[in-house]
Amino acid sequence: MALATHINAVHRISEYSTASPDALRSLVHEHMRLARSVDPWTHAGLPVISLPCGRGRRGLPLGLQCIGRFGQDARLVGAVLSLETRLRARGIE
């Protein structure tokens, strides 16, 4: 299975370092909400790999989360390696 690593683009580090306390609290809350797309697979004991796959409109990196079947870690690594090779051949990193 393949899903976006996060459902929205991530924030720049500078947005955290220059944020007011209320804005920082809001950014952290949003990050925790977005992390929900990643956590269930890990807690279920399934192998998961996040693969960089280009950049969004703001120039920030995008990730593709690849999820394997229980006990199929090596198979997932092989599939993701093949996908990474294909993405790089198209100039996507």
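Read the figures in this text as sums done on the coordinates, not as results from a lab. Because the structure is a prediction, the values reported are computed rather than measured. Don't worry about glycine lacking a Cβ; one is built from the backbone with ideal geometry, like all the others, and counts go over all protein chains shown.
Listing for the model above:
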{"item": "Interchain or long-range residues, amide H under 5 Å from Gly54's placed H", "result": "Leu62, Glu93"}
{"item": "Cβ-based exposure ranking for Arg90, Arg75, in which fewest neighbours within 10 Å come first", "result": "Arg90, Arg75"}
{"item": "Under Karplus coefficients 6.51, -1.76 and 1.60, residue-wise ³J(HN,Hα) of the stretch 49-63 in Hz, glycine/proline x", "result": "10, 9, 10, x, 8, x, 10, x, 4, 8, x, 8, x, 10, x"}
